[in-house]
């Protein structure tokens, strides 16, 4: 990892491969460190992104630089999981909206949903008093 | 200060300039995003804070899409 980081006093230049870490991930990781460091992005979108970091007063540039790579991994993983669960999250949200606002359904769809609910009540709901 | 066009959008820089107008006079000098900053007060590190601010706006814009 050290070959990807160049230190100079309280500054560091990190090399990031944009094929492994998309730009969105790099921005997110950088955002986390804005309170502790000054950051400028440079380099090339296709080949190599350079993250130029200068530690703010009282902050350790070596720790910040190394943690930046951890944060990249963190966001890369988050993005991958978010993409993988996107459909199911959309479905849950859609279902929540529909069940809370019957006006968004057309009559036929609503009738059908009601029928389903009634059927469910008839067949599956266990009444505590029974 | 020069900002790389690959990572910074002009409209975001302009938005940041407007937000910083009380703290500094900031101009985009040329199309390579060479930016001139003249501090209005003695606030420390205003150039670097400005660069951070733009980066924050870029991040927000990307994730609002």
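The values are calculated or read from the model by the stated rules, or taken from the named source; none is laboratory data. On a predicted model such as this, the values are computed, not experimentally measured, just so you know. Glycine gets a Cβ as well: all are built from the backbone with ideal geometry, and neighbour counts include every protein chain shown.
Assigned by TED's automatic domain parsing to the domain that holds residue A:65 and closer than 16 Å to residue B:60 by Cα: is that true of residue A:54 in this structure? No, not satisfied.
Can residue B:12 be described as assigned to a helix (DSSP H, G or I), touching a helix residue (DSSP H, G or I) at 6+ places or on another chain (Cβ under 7 Å) and either within 10 Å of chain A (Cβ to nearest Cβ) or at pLDDT below 90 (or both)? Criteria not met by residue B:12.
There is no residue in region B:24-32 that is part of a helix (DSSP H, G or I) and either within 14 Å of chain A (Cβ to nearest Cβ) or within 26 Å of residue A:55 (Cβ to Cβ) (or both). What number goes with the only condition from (1) within 8 Å of chain A (Cβ to nearest Cβ); (2) within 9 Å of the chain's Cα centre (by Cα); (3) closer than 19 Å to residue A:35 by Cα that residue B:56 does not pass? It is condition (2) that residue B:56 fails. Of the strands (runs of 3 or more DSSP E) contained entirely in region A:1-93, those carrying at least 1 residues that are over 24 Å from residue B:54 (Cβ atoms), touching a helix residue (DSSP H, G or I) at 6+ places or on another chain (Cβ under 8 Å) and touching a residue at least 40 places away in the same chain (Cβ under 8 Å) fall at A:5-8. Could you run through region B:36-53 and say how many residues are more than 19 Å from residue B:7 (Cα to Cα) and within 12 Å of chain A (Cβ to nearest Cβ)? Number satisfying all stated conditions: 3.
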